[in-house]
Amino acid sequence: MGDSKAAPIKEMPLGLDTTTEEEYASQSKLLQEFTSIPSIDKAWTFKSDDGIGSQAMFSISQPNILANKRRKSILSAHIFKEKNSSVNFRWSPFPVEMTGVSTVVPSPSGSKLFVVRNPENKSPSQFEIWGPSQLEKEFHIPQSVHGSVYTDGWFEGISWNSDETLIAYVAEEPSPSKPTFNDLGYKKGGSTDKDCSSWKGQGDWEEDWGETYAGKRQPALFVININSGEVQAVKGIKTSLSVGQVVWAPSTKDVHQYLVFVGWSSDTRKLGIKYCYNRPCALYAVRAPLYKSEANELELNSTEDVPVFNLTQQINSAFFPTFSPGGKYLVFLSARSSVDSGAHSATFSLHRIDWSTDVTLWPSAKIVDVIPVVMSAEDGCFPGLYCSSFLSNPWLSDGCTMIISSFWRSSQVILSVNVLSGEVLCISPADSNFSWNVLTLDGDNIVAVSSSPVNVPQIKYGCIVEKTTKAAAWSWLDVSSSIFKCSEKVRSLLSSLQFSIMKIPVKNDSDSLTKGASKPFEAIFVSSNSKKSDTCDPLIVFLHGGPHTVSLSSFSKSLAFLSSIGFNLLIVNYRGSLGFGEEALQSLPGKVGEQDVNDVLTAIDHIIEKGLASPSKITVLGGSHGGFLTTHLIGQAPDSFVAAAVRNPACNLALMVGTTDIPDWCYVEACGSKGKDIFSEAPSADYLTLFHSKSPISHLSKVKTPILFLLGAQDIRVPVSNGLQYARTLRKNGGEVKVIMFPNDVHGNERPQSDFESFLNVGVWFRKYCK
């Protein structure tokens, strides 16, 4: 034998050939470039100490894929308004990373910063009070006082009082005592944590609020005195009431300070609350706890009953309370249309209470409708209020105008709302198909971001340039910033793309449809702006979940990545989506698997007829209800799609109804609004048969399309058994199936590594079948 040595055999990843591995390598590098683009989560502005201009602070995040967490940082800027009506942001040279920080909340004056660091185990919560140049106070709050502070965007509420000495906040109530056992059995009197000869039992199981709240204890209300560090639980609130979104009430004739908060009652079953606005809730006012110096000064009896006032007894939903400057008005959102119909989300209404300094008048205060629920809007007119949150200070200096971001058909816009007259104006550019989101106010000016499916976000500064008796005209200035800086390759790829928002006429218009449900729905179409030949690029039909959510004309890193590897996108906002009026939305419950499927097929036919898609190169992608639609489509139209991909899909409502945290959703979407009244934890055989007939699994025998499943093992919204049942049966029938399981993910599959691997596999899967 010769001296030559055999070349080492390269070990390939399981199931990958050389071509596929190359595909993974090239796509993952590009996806990494898209993924690294930062996002602005929040922003604040403050008056400058020198009186010139103002200071801005931006909370920024970006995925840290190796650590599988989001990296958070703070970036500051000095805002100067120039004489030529331009604006100049002078940015600090570098952002400051906020390692281990759960949230930050500046005081109203901007002179203090409250920093919360929630523990990852049973350690104390860590609070910090920062001044302009240094840490001023640090407090460690043990688990015996309360658990982690809620920073979830829903129960979350952190509010400074007016003199910046007290902070009210929402945290998990303390752990209940649990039984203790040792080698002799039950141990009376419990044990200390350091007792090695015994162990803690589990005790009684308690309901939680479902998806993303598994294992979290009930939210309760606390106040900390930042001078002494003393924390007190707010008294008088029933244990059956989960609290959130707390704000301090203006001063009253009473000697006490008061807090206003949202309360969700749960005497028995807690149904899932994430994305579910159909859970009844009310605004309450309660006396804030007194601290020693105040109690001594007022000589009060600490054992007296603390009254809790229900401020919104006339309405079944009230949340996101905000007081106008000067405290004249309490304004709040309502999802009463969701509560009344059972739909998990629907058109909001806005309401006002004229605030009294006499606490005895609060329970009888009149609720004034500011923006009612819009049933059906004429073309170009306000379609209704679809607002997912308020700014901490959304008010202009006139004390009656709020600035709000809201969905308007397939875009997000910025609205000004006069809470006295009810006048609603769209103040973001009317001729733009871009989406706009307000970040913060700078006096009577607005700091916002604008983006599109093919344009990374751009910071904008809005100024009133003309005040008339009818309306104010706004000018929007570009703000130079490196926050959304992306690579030259990404910028070049995005510049080769274009998008449009298409109106899709309803097919088979029935006489029984309401006016709103008969109007065209919309789809966002993203494509190359330089067609090289008569052939069309392969198409991905993207379907949002919910079903009562919406896909916006804003920048999505994941979808922009898919556009950049050679796919056109058809992003369908089928009837039932938010942003199109209440009649269109309510046309879907009771017709899922039919009306929504037909709308998607109509949208596909629409672009094929326009020569924008080839029938032989169409794929479909959706998550949750979008996965429900995807698996319906490949069963009902088995020859229409060359490949499919789903994230935590609802494939079998008959299975889901007994395992999900929102069984009422199955009833409402399958049966219509009557479903909320007939909902049962133990469905009859007739309803199980109905649920099966409405489900994609009833069409499974016809499926020919190769399908990729991306499943979160900790999902309790659409438990993993739903996707696995469908995938296993399809595989047994000879179908081509790929399943990727993310062991620690919940419904959204949003952990950075999971999100990255999901869209990388979608890209590789679709390109495999579109060659």
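Provide the convex hull volume over Cα atoms per residue for segment 170-248, in Å³.
Working: hull volume 12.8 nm³, N = 79.
Once divided by residue count, the hull of segment 170-248 is 162 Å³.
Sort 114-125, 645-656 for me by packing, meaning the mean count of neighbouring Cβ atoms within 10 Å per residue, highest on top. Write out the running numbers ahead of the final one.
Working: 114-125: 15.9, 645-656: 27.2.
Highest mean packing first, the order is 645-656, 114-125.
As I understand it, the dipole of the chain uses +1 on the Cβ of Lys and Arg and -1 on the Cβ of Asp and Glu, about the Cα centre. Which of 218, 255, 685 lies farthest toward its positive end?
685
Could you sort 765, 476 by accessible area so the largest value comes first, with the probe set to 1.4 Å? Can you show the working numbers first?
Values: 765 20, 476 45 Å².
Accessible-area ranking of 765, 476, largest first: 476, 765.
At a probe size of 1.4 Å, how large is the accessible area of residue 216, to the nearest 10 Å²?
60 Å²
Please tell me the relative contact order of segment 239-279 in percent, rounded to the nearest whole number, where contacts are Cα pairs under 8 Å and at least six residues apart.
Working: 41 pairs, mean separation 15.9, N = 41.
After rounding, I find 39 percent.
Can you give me the angle between helix 18-35 and the longest principal axis of the chain, using Cα atoms only, in degrees from 0 to 90, rounded to the nearest 10?
Result, in degrees: 30.
Given a cut-off of under 8 Å on Cα pairs at least six residues apart, what relative contact order in percent is computed for segment 620-664? Could the numbers behind the result be given before it?
Details: 53 pairs, mean separation 18.5, N = 45.
About 41 percent, as a whole number.
Could you please put 572, 306, 255 in sequence from largest to smallest accessible area, using a 1.4 Å probe?
Details: 572 0, 306 40, 255 95 Å².
Putting 572, 306, 255 in descending order of accessible area: 255, 306, 572.
Going through segment 498-601, which GluC sites (Glu not before Pro) have at most 13 other Cβ atoms within 10 Å and a DSSP loop state? All intermediate terms of the calculation are to be shown ahead of the outcome.
Working: sites: 522, 582, 583, 594; in loops: 594.
The qualifying sites are 594.
Quick check for you: which residues of segment 20-34 have the amide N under 17 Å from the point 7 Å beyond the Cα of residue 487 toward its beta carbon?
Under 17 Å, as judged by backbone N against the label point of residue 487, lie 22-34 of segment 20-34.
Roughly how big is the chain's charge dipole about its Cα centre, with Cβ charges of +1 (Lys, Arg) and -1 (Asp, Glu), in debye to the nearest 20? Walk me through the numbers before you get to the answer.
Details: 69 positive and 77 negative charges, 292 e Å.
Approximately 1400 debye in magnitude.
Probe radius 1.4 Å, ligands and nucleic acids left out: which of 757, 33 has the largest accessible area, and how do the rest follow? Intermediate results must be reported in sequence, preceding the final value.
Values: 757 80, 33 40 Å².
Sorted by accessible area, descending: 757, 33.
Calculate how many DSSP beta bridges within segment 506-594 are antiparallel, expressed in % of all such bridges and rounded to the nearest 5.
Working: 5 of 10 bridges.
Around 50 percent of the beta bridges assigned by DSSP in segment 506-594 are antiparallel ones.
Relative contact order for the chain: what percent, with Cα pairs under 8 Å and sequence separation of 6 or more?
Values: 1709 pairs, mean separation 67.7, N = 771.
Computed value for the chain: 9 percent relative contact order.
For residue 228 and residue 360, FRET efficiency with R0 = 41 Å and r from the beta-carbon atoms, rounded to 0.05? It would help to have the intermediate numbers written out before the result.
Numbers: r = 32 Å, r/R0 = 0.77.
Efficiency for this residue pair is about 0.80.
Over segment 304-365, what lengths in whole Å, largest first, do the semi-axes of the equivalent ellipsoid take, defined as the square roots of 5 times the eigenvalues of the alpha-carbon gyration tensor? Intermediate results must be reported in sequence, preceding the final value.
On the way: eigenvalues 120, 46, 15 Å².
Whole-Å semi-axes of the equivalent ellipsoid: 25, 15, 9.
Percent antiparallel among DSSP beta bridges with both residues in the chain, to the nearest 5? Let's see the in-between values first.
Numbers: 134 of 159 bridges.
Of all bridge pairs located within the chain, approximately 85 percent are antiparallel.
So for the pair residue 609, residue 207, with labels modelled 7 Å out along Cα→Cβ, what separation do we get in nm?
Between residue 609 and residue 207, the simple spin-label model gives 4.9 nm.
Could you list the residues of segment 377-393 with an amide nitrogen less than 19 Å from a label point located 7 Å from the Cα of residue 431 in the Cα-to-C-beta direction?
Those under the cut-off are 380-381.
Roll a 1.4 Å probe over the protein heavy atoms and report the accessible area of residue 18 in Å², nearest 10.
The value for residue 18 is about 90 Å².
Would you mind checking the tilt of helix 595-609 against the longest principal axis of the Cα atoms of the chain, expressed as 0 to 90 degrees and rounded to 10?
Value to nearest ten degrees: 50.
Of [x] 27.3, 91; [y] 29.2, 105; [z] 27.4, 103, which one was derived for Rg and Dmax of the Cα atoms in Å from the structure shown?
Computing Rg and Dmax of the Cα atoms in Å and matching it to [x] 27.3, 91; [y] 29.2, 105; [z] 27.4, 103 gives [z].
Please grab the % of Cα pairs in segment 61-107 that end up more than 14 Å from each other. Please list the in-between numbers first.
Values: 695 of 1081 pairs.
It works out to 64 percent of all Cα pairs.
Per residue, how many Å² of accessible area does the chain show with a 1.4 Å probe? Kindly include the intermediate steps, with their values, before the conclusion.
Details: 34350 Å² over 771 residues.
That works out to 45 Å² for each residue.
Relative to a virtual label point 7 Å from the Cα of residue 28 in the Cα→beta-carbon direction, which members of segment 741-764 show backbone nitrogen distances below 14 Å?
753-764
Over the Cα atoms of segment 603-649, Rg to Rh with Kirkwood Rh, two decimal places? Could you put the intermediate results ahead of the total?
Details: Rg = 11.0 Å, Rh = 11.0 Å.
Ratio value, two decimals: 1.00.
Which angle from 0 to 90°, rounded to the nearest 10, does the C-alpha axis of helix 625-636 make with the longest principal axis of the chain?
Helix 625-636 and the main axis of the chain meet at about 20 degrees.
Under the Karplus relation 6.51 cos²θ - 1.76 cosθ + 1.60, θ = phi - 60°, what is the ordered set of whole-Hz ³J(HN,Hα) values for segment 315-326, x standing for Gly and Pro?
Using θ = phi - 60°, the values come out as 9, 8, 8, 7, 7, 6, x, 8, 9, 5, x, x Hz.
Would you please give the residues with an amide H less than 5 Å from that of residue 442, counting only those at least 5 places away or on a separate chain, with H modeled from the backbone geometry?
Hits under the 5 Å cutoff: 447.
Packing-wise, with mean Cβ within 10 Å as the measure, how do 687-696, 21-30 rank, highest first?
Details: 687-696: 19.5, 21-30: 14.5.
For the peptides 687-696, 21-30, the packing ranking is 687-696, 21-30.
Mean shadow of segment 139-293, computed from the convex hull of its alpha carbons, in nm²? Before the final figure, lay out the partial values.
Numbers: hull surface 46.4 nm².
For segment 139-293, the mean projected area of the Cα convex hull comes to 11.6 nm².
Given the C-alpha atoms of segment 327-486, compute the convex hull and give its volume per residue in Å³.
On the way: hull volume 23.6 nm³, N = 160.
Here the figure is 147 Å³ per residue.
The values are calculated or read from the model by the stated rules, or taken from the named source; none is laboratory data. Note that this is a predicted model, so its numbers are computed, not measured. Cβ atoms come from the backbone with ideal geometry, glycine included; neighbour counts cover every protein chain shown. Only protein heavy atoms, including side chains, enter the accessible area calculation; ligands, DNA and RNA are left aside. Shrake-Rupley method; radii C 1.70, N 1.55, O 1.52, S 1.80 Å.
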